[in-house]
Structures are given as C-alpha cells and as structure tokens.
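S.K.: My structure is below; once you've seen it, I'll send some questions.
The values are calculated or read from the model by the stated rules, or taken from the named source; none is laboratory data. A quick note: this is a predicted structure, and the numbers were derived from the prediction, not measured. Note: ideal-geometry Cβ built from the backbone for every residue, glycine included; neighbour counts use all protein chains shown. Each accessible area value is taken on the protein alone, full model and side chains, heavy atoms only, with ligands, DNA and RNA left out. Shrake-Rupley method; radii C 1.70, N 1.55, O 1.52, S 1.80 Å.
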Amino acid sequence: MKNNLMFSIVCFVGLVAGCSQPSQLSQEPASQQQQMVKQEVPQGFVPLTLTEENKTKIMADAEKFGIQNIYVPLFVREGLTLQEISGSEQTKQISLRFENEQGDQTLEISLSPQEVLLGGAVIQQQETKLDNDTPAKWISFSNHKDNVEAAVAELYFQLNSTYVAVSNDSNQFEKEVEQIASALQLLKK
C-alpha cells in the first residue's frame, strides 16, 4: 500500500511537471514556425545566394523608385543564376532576371510601389492563391488580341506595399513560378 501511494505521488508530480513545462515548439512564435517550413527548398530548386554587390544594387534601385519592401526569391530553379538587375524610371520598377548558362531558361521578378502591367492586349486572366494564401492572378498578354500564340503569362500579386510580377521563359512552368512566388522573402542588408 505504501509503495502504491509512493508510485501515485511520483506519477502525479511527473504529470504536473510535464504539464507546467511548455513544449519547445510552442515557445517559438508562429511566424518563426512558418518561416522554418517556408525555408525548405523543393526538389529541382536551389537556394538563392546574392552577393553584397547584388544586394546593394537592388536596394539602391528600390530606394530610387520608392519600393519600401524588397522581395527576393528564397530559391530558384536549379541552374539559374542572377544575370541582371535593371530599373525603369518610366514604370518605377526593378527587375531581377535569372538565366541558365545557355540562356534558354529564364525567370524574371519585377517589383514596384504601384501596379504595373505589361503593355499589350490582355488575352486571359485567371485568379489563383499562392501556397502562403496570397491572392494572385495569372494574366496573359500579347501584342494584339488576335495573336494568342505569342501570349506571355505573368503572375501578379501584392505583398504589403509592393506589387510583384513573376514570369519565366515558358508558360509550362506555372507551378514552379507559384512555388517561387510563395517563398519570396524580404531582402535584408
């Protein structure tokens, strides 16, 4: 009987101690938990690395055009590297162009403080939702409404005060573009 009482007390103390100690995971803010999940790089992609020179150029162009929140991809398709950072005074946007060595695979991400759409005729629009629950829209443009074969699709959405357009070399890779767009992160100095 004494042993049963002692066993019960030990179990009760263990139970109370276990309940009063928060778990390791619950101590982390939800935003950090989500960030850990988002940092996984899907198969076929590689983490993006930017040089200090790249970061400086991107930040200078963003400041020049009034872009407060600068987003860059966490990862890009394997084989792609940042080839060009360009800005446009007319549309107040910066573009990051990624290419493979052959130049036949590309990815372009444009950032602007205002909504900027490509010139030309809108052929088609399709709403979608990114993996991070951001509403987005695929918009296909062409140089003429009857020239459907030449249509180029871009993914448009807004993150905070920044308007983002993401496109690639082929309309066949919509899922890849959406994966990259879902994992955009703020550029930090």
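S.K.: Please specify each residue of region 54-93 satisfying the condition of being part of a helix (DSSP H, G or I) and not polar (S, T, N, Q).
M.R.: Of everything in region 54-93, those that are part of a helix (DSSP H, G or I) and not polar (S, T, N, Q) turn out to be 55, 57, 58, 59, 60, 61, 62, 63, 64, 65.
S.K.: So which residues in region 118-139 are among the hydrophobic types (A, V, I, L, M, F, W, C), touching a residue at least 24 places away in the same chain (Cβ under 8 Å) and in a strand (DSSP E or B), if there are any at all?
M.R.: 121, 123, 136, 138, listed by residue number.
S.K.: Among (1) open to solvent by less than 50 Å² (accessible area, probe 1.4 Å); (2) in a loop (DSSP other than H, G, I, E, B), there is one condition residue 145 misses while meeting the rest; what is its number?
M.R.: (1)
S.K.: Turning to a different aspect of this structure: So, in region 98-117, exactly how many residues are open to solvent by less than 70 Å² (accessible area, probe 1.4 Å) and either of a type outside the set (Gly, Ala, Ser) or assigned to a loop (DSSP other than H, G, I, E, B) (or both)?
M.R.: The total comes to 12.
S.K.: Would you please list the contacts, defined by Cβ atoms under 9 Å and residues six or more apart or on different chains, that run from a residue in region 49-75 that is under 10 Å from residue 111 (Cα atoms) to a residue that is of a type in the set (Phe, Trp, Tyr)?
M.R.: Close Cβ pairs satisfying both conditions: none exist.
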